[in-house]
Amino acid sequence: PLDAVSISKLFVRPEDLAQTLADLKKTAAEKDQPIAIMVAAPDSEQARWFHALLRGTAEDREGIVIDDESLKAIRDGIRKCRVFWLDAAQLEELKKLIPDHELEEKHDSAMVFLKPDGTWLCYFEPDPKNEPERSVKNLMSAIEYTAKAE
């Protein structure tokens, strides 16, 4: 399985988040793709959960209660998005750049879905420790909602 160090390399902390988001929106709009931003502390349980679910091997997803069909649906849904991994240290800054977001104050991790133009769609907050099955169902709902919004 991937260690926390290799997962933490996915998460970026851009100096100019506004410019990074503008570039992301430009590419997403050109390809008419929704945007999925994974926000987590790079060494967190949530970061490992996101990674195992989206990119991990069977070995990486030990402890995630999910059937193969649901896993495929989630991965296929995310593949349709322009994906960006953001260090949770910049979540407050990100919130200021997304008009009409519904993110609550206390998020330490989230998967944020935006339309190709960068406007708000929805978000998903994982709870891999307490209710992993519910987290998977909620993520699938967010992905379905994002797909319908295209």
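The values are calculated or read from the model by the stated rules, or taken from the named source; none is laboratory data. Since this is a predicted model, take the numbers as computed values, not measurements. Please note: Cβ atoms are built from the backbone with ideal geometry, for glycine as well, and neighbour counts cover all protein chains shown. Ligands, DNA and RNA are stripped out before the accessible areas are found, and what is left, the full protein with its side chains, is counted by its heavy atoms. Shrake-Rupley method; radii C 1.70, N 1.55, O 1.52, S 1.80 Å.
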What do you reckon, is A110 under 21 Å from K9 (Cβ atoms) and open to solvent by 50 Å² or more (accessible area, probe 1.4 Å)? no
Quick one: which residue in S44, S70 is among the polar types (S, T, N, Q), within 16 Å of the chain's Cα centre (by Cα) and modelled with pLDDT under 95? S44
Checking the structure you have, find out if any residue of the range 17-30 is more than 24 Å from A147 (Cα to Cα), modelled with pLDDT of 95 or more and either touching a helix residue (DSSP H, G or I) at 6+ places or on another chain (Cβ under 8 Å) or part of a loop (DSSP other than H, G, I, E, B) (or both). yes
Return only the number of the condition from (1) more than 12 Å from the chain's Cα centre (by Cα); (2) of a type in the set (G, A, S); (3) modelled with pLDDT of 90 or more that A147 does not satisfy. (3)
Do the conditions hold for V5, that is, is it at pLDDT below 90 and β-branched (V, I, T)? yes
Could you check L94 against (1) more than 16 Å from A22 (Cβ to Cβ); (2) surrounded by 14 or more Cβ atoms within 10 Å (Cβ to Cβ); (3) within 14 Å of the chain's Cα centre (by Cα) and say which number it fails? (1)
Just to verify a result, which residue in the range 117-137, among those that are within 15 Å of the chain's Cα centre (by Cα), open to solvent by 10 Å² or more (accessible area, probe 1.4 Å) and modelled with pLDDT of 90 or more, is farthest from I74 (Cα to Cα)? W120
Is it the case that V83 is β-branched (V, I, T) and open to solvent by 40 Å² or more (accessible area, probe 1.4 Å)? yes
Please go through the range 45-76 and pick out each residue that is assigned to a loop (DSSP other than H, G, I, E, B), open to solvent by 20 Å² or more (accessible area, probe 1.4 Å), in contact (Cβ under 8 Å) with a residue 12 or more places away in the chain and of a type in the set (G, A, S). G63
